[in-house]
Structures are given as structure tokens and as C-alpha cells.
């Protein structure tokens with residue numbers, strides 16, 4: 001699956017306490033910090049503090065039903081679509097700009113001729129690893145660092161970061177559409193928890209649909225970018241709590257408080273490190289993270305969504321973990337891959353499917 005080890009720059013993960021792309025924080029009152037663009041970092045591992053660990057819950061009952069494999073496909077939305085891919089690259093449309101970025105899974109030849117790929121606004125060059133740094137080349141003219149975009153009715157800033165990312169992961173559109181539908185069709189406002197929330201697009205989609213949202217990310221820069229996105233869309237009055245903290249520490253505290261959420265989105269990295277030495281390793285800490293998420297789901301919860309990038313594993317690994325975590329809860333666990341389908345220059349001509357990540361989602365029925 002696609003290598004996105006730490007999505008450099010914003011969703012910095014937390015320790016065994018788990019925050020987003022490596023910026024854990026001590027337990028203290030929630031902070032809302034507004035700073036500029038993220039620059040995800042990849043740091044060397046350090047010792048994992050054990051004080052925040054707790055045993056996994058012993059669960060009884062039947063495992064939920066299963067739907068596998070499930071392929072959730074997007075052809076784009078709003079200002080984004082995938083134009084073409086091939087030769088280890090992808091050609092994308094982000095609002096007014098056509099962008100070329102590395103894509104290791106594009107093993108085939110491009111469908112469109114070379115002159116189309118050459119007439120682009122920005123090309124990422126440098127380290128081909130997902131977490132590697134590099135630079136942007138602008139073939140036509142120098143472009144500003146940011147530009148406005150819109151997905152699912154939400155305005156936000158695209159940004160040319162040194163880690164190839166542009167502030168949104170459009171493969172998540174399928175999850176956001178699902179969440180948006182759940183929120184709009186509910187009675188009282190749903191409570192949504194967005195862990196490792198990055199630049200806040202999912203949080204804004206949920207809040208605009210009518211949810212009360214708690215957005216957690218351990219990166220100050222990511223939270224700052226998210227708040228800039230909120231201001232761009234004039235959404236300052238929407239009920240969103242911006243929490244800059246290690247995600248695992250936050251959910252452990254929510255568990256102790258008895259807090260509950262109706263929908264939880266979690267998008268952890270493979271590896272991350274927090275500012276206080278916390279270290280997150282997906283295979284080591286994911287079971288506990290999901291276990292805690294199960295405990296803070298409300299009795300009438302509508303979903304627990306996990307997305308996993310850059311892991312050398314089958315989707316069955318997270319699928320079976322999710323089923324074990326949700327023993328006795330009923331419902332169904334559906335797992336598989338997120339893919340984006342090429343849509344041509346005009347965004348209307350279906351082409352090949354590009355796999356982006358693994359996912360597992362528990363729903364009550």
C-alpha cells in the first residue's frame with residue numbers, strides 16, 4: 001500500500017498515547033493554537049514511555065458481521081480530480097492548478113500524451129519516499145504558497161509543502177460523504193471525534209452538516225492551518241473544539257471522564273514522535289487506541305472509521321483487529337481499500353483506479 005509514513009508536516013502522531021503525526025503533549029487543559037502551515041517531520045525513534053498504557057479490555061460476545069473486501073472509490077469532488085497517472089507519478093487537478101506528484105503505485109504507462117503532463121503548474125521534485133523532503137518546481141510562473149480550494153462545500157487552503165502534500169487527502173472524500181450523510185440524517189446533533197485531524201477539512205465538513213466536532217491533532221502547525229481554513233470559509237461560529245494534544249492522551253482522559261462520541265474518525269500514521277519523547281508505532285499501539293475508541297463510543301454510535309497508510313500488511317490485519325475490538329457490539333465491520341479513479345482532463349472520463357490506503361469501518365448495521 002502507499003507509503004505515507006508520517007505525512008510530514010501536520011498530523012504529527014503521538015506516543016503510545018497516540019497523537020497525530022507525532023506531536024504528543026502532557027495532560028493539561030485543551031489548547032487552541034493558531035499557527036501557519038505544517039511541515040511534517042520524520043524523527044528517529046525514542047524510548048516509549050509506559051506510564052500512559054492501560055491493559056486491553058477483555059471482550060466477550062460475538063464478533064460483528066463482516067463485509068470484505070470493500071473498495072471505496074472516489075472520482076474526485078469539488079475542486080479536485082485525478083487526471084492521469086503512470087510511470088510512478090500522478091497528474092492531479094486542484095482548483096486552477098494542475099500538479100504532478102510522485103506515486104509509487106502507478107506502475108503503468110500514462111494514458112495522456114507527454115505534452116499534457118508538461119503543461120502543468122507545479123511539479124514536486126526531490127525524495128521519492130512519502131516522508132522525504134523535496135521542493136516544488138513551477139514550469140509556468142512562480143506561484144504563492146497557498147491557494148483556495150473547495151471540497152463538499154467546504155473552503156480550505158491548498159499549500160505547497162516541502163513534503164509533497166497539499167493540505168488534503170482526497171481519497172478520504174468517500175468517508176467524509178458517508179459521515180456527512182449520517183450527520184444530516186440524524187435527529188439531535190451528532191458528536192464527532194476527528195483524531196489525527198490534520199488541516200481540519202473533515203472536521204469542517206462534519207460541523208457544516210450539523211455535528212458538534214472535537215478535532216485533535218498534536219501538531220501546532222496543523223491546528224493553525226485548520227483554523228485558517230475555518231476562517232476562510234467563515235465558519236468560526238461552527239461548534240468545533242480544536243485540541244492541540246497527543247491523541248492517545250486525549251482519548252484516555254475522555255475515557256476517564258466518561259465522554260462519548262457518535263462517530264469517531266481516526267487516521268494514524270505508521271510512525272510518529274511527540275515533542276515530549278512520545279513515540280507512536282502503528283503495529284504496537286493501534287490495538288490500544290481502537291480499544292479506547294470503543295470505550296468512548298456512545299450507545300447509539302453510528303461508526304468507528306480507521307484509515308491506515310504505508311503499512312506492509314493486508315487489509316485483513318486491521319479488519320480482524322476491528323472485529324475483535326467490537327466484539328459484542330453487533331453491527332458489521334467493512335474493510336478494504338480506498339481508491340481514486342482517474343477522470344481525464346475534464347473530470348468526466350473514468351480511467352484506472354489508483355489505490356491509496358487501507359481502511360476498516362465499523363457501523364451498527
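The values are calculated or read from the model by the stated rules, or taken from the named source; none is laboratory data. Please read all numbers here as calculations on a predicted model, not as lab measurements. Here the Cβ positions follow ideal geometry from the backbone for every residue, glycine too, while neighbour counts run over all protein chains shown.
Here are a few things to note about the model shown:
- For segment 330-350, taking the residues that are part of a loop (DSSP other than H, G, I, E, B) and touching a strand residue (DSSP E or B) at 6+ places or on another chain (Cβ under 7 Å), the one that is surrounded by the fewest Cβ atoms within 10 Å (Cβ to Cβ) is identified as 350.
- When 292, 311 are screened for being in the same structural domain as residue 189 (by TED's automatic domain parsing), crowded, with 17+ Cβ neighbours inside 10 Å and not in a helix (DSSP H, G or I), only 311 passes.
- Single match in 143, 149 (criterion: in contact (Cβ under 8 Å) with a residue 24 or more places away in the chain and not in a strand (DSSP E or B)): 143
- Tally of residues being in contact with a helix residue (DSSP H, G or I) (Cβ under 9 Å, 6 or more places away or on another chain), closer than 18 Å to residue 152 by Cα and assigned to a loop (DSSP other than H, G, I, E, B) across segment 175-230: 6
- Criterion violated by residue 136 - all others in (1) surrounded by 18 or more Cβ atoms within 10 Å (Cβ to Cβ); (2) over 20 Å from residue 87 (Cα atoms) satisfied: (2)
- Any chance residue 187 is over 30 Å from residue 294 (Cβ atoms) and free of Cβ contacts under 8 Å to residues at least 12 places away in the same chain: no
- Selection of strands (runs of 3 or more DSSP E) fully inside segment 53-137 by the criterion of at least 2 residues being out of contact with any helix residue (DSSP H, G or I) (no Cβ under 8 Å at 6 or more places or on another chain) and over 21 Å from residue 352 (Cβ atoms) returns 65-74, 122-126, 134-137.
- Sub-7 Å Cβ pairs linking a first residue in segment 61-78 that is closer than 25 Å to residue 345 by Cβ to a second residue that is loosely packed, with under 14 Cβ neighbours inside 10 Å, at least 6 apart or interchain, are 75/350, ordered by first then second residue.
- The residues listed here are 240, 263; of these, the one that is touching a strand residue (DSSP E or B) at 6+ places or on another chain (Cβ under 7 Å), without any contact (Cβ under 8 Å) to a residue 60 or more places away in the chain and surrounded by 24 or more Cβ atoms within 10 Å (Cβ to Cβ) is 240.
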